[in-house]
Amino acid sequence: MAKTRVSELAKKYGIPSKEALEKLSAIGEFAKTASSSIELPAVKKFEDKYGADLLAKMKPAGDAGAAS
């Protein structure tokens, strides 16, 4: 199975690594640092729980930057 670093997941969703670690902990997935690797099922669980909300928060910021 492929592994993803916490920092890569945070970058994908435009959040600090610390926030990604907190969200992972909240869903029962534990990682110590931003450079920790997490398994694909943990990534999927994170995306199912937080993905849509985090992407929705990113869009307005991206649209505002494109307008200027």
Next on the checklist: Take K45 and tell me if it is in contact with a helix residue (DSSP H, G or I) (Cβ under 6 Å, 6 or more places away or on another chain), at pLDDT 95 or above and open to solvent by 40 Å² or more (accessible area, probe 1.4 Å).
Outcome noted: no
Next on the checklist: Looking at the stretch 17-41 only, could you name the residues that are of a type outside the set (F, W, Y) and either without any contact (Cβ under 8 Å) to a residue 12 or more places away in the chain or more than 11 Å from R5 (Cα to Cα) (or both)?
Outcome noted: K18, E19, E22, K23, L24, S25, A26, I27, G28, E29, K32, P41
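The values are calculated or read from the model by the stated rules, or taken from the named source; none is laboratory data. The structure presented is a predicted model; accordingly, all values stated were derived computationally and were not measured. All Cβ positions, even for glycine, are placed from backbone atoms using ideal geometry, and neighbour counts span all protein chains on display. Each accessible area value is taken on the protein alone, full model and side chains, heavy atoms only, with ligands, DNA and RNA left out. Shrake-Rupley method; radii C 1.70, N 1.55, O 1.52, S 1.80 Å.
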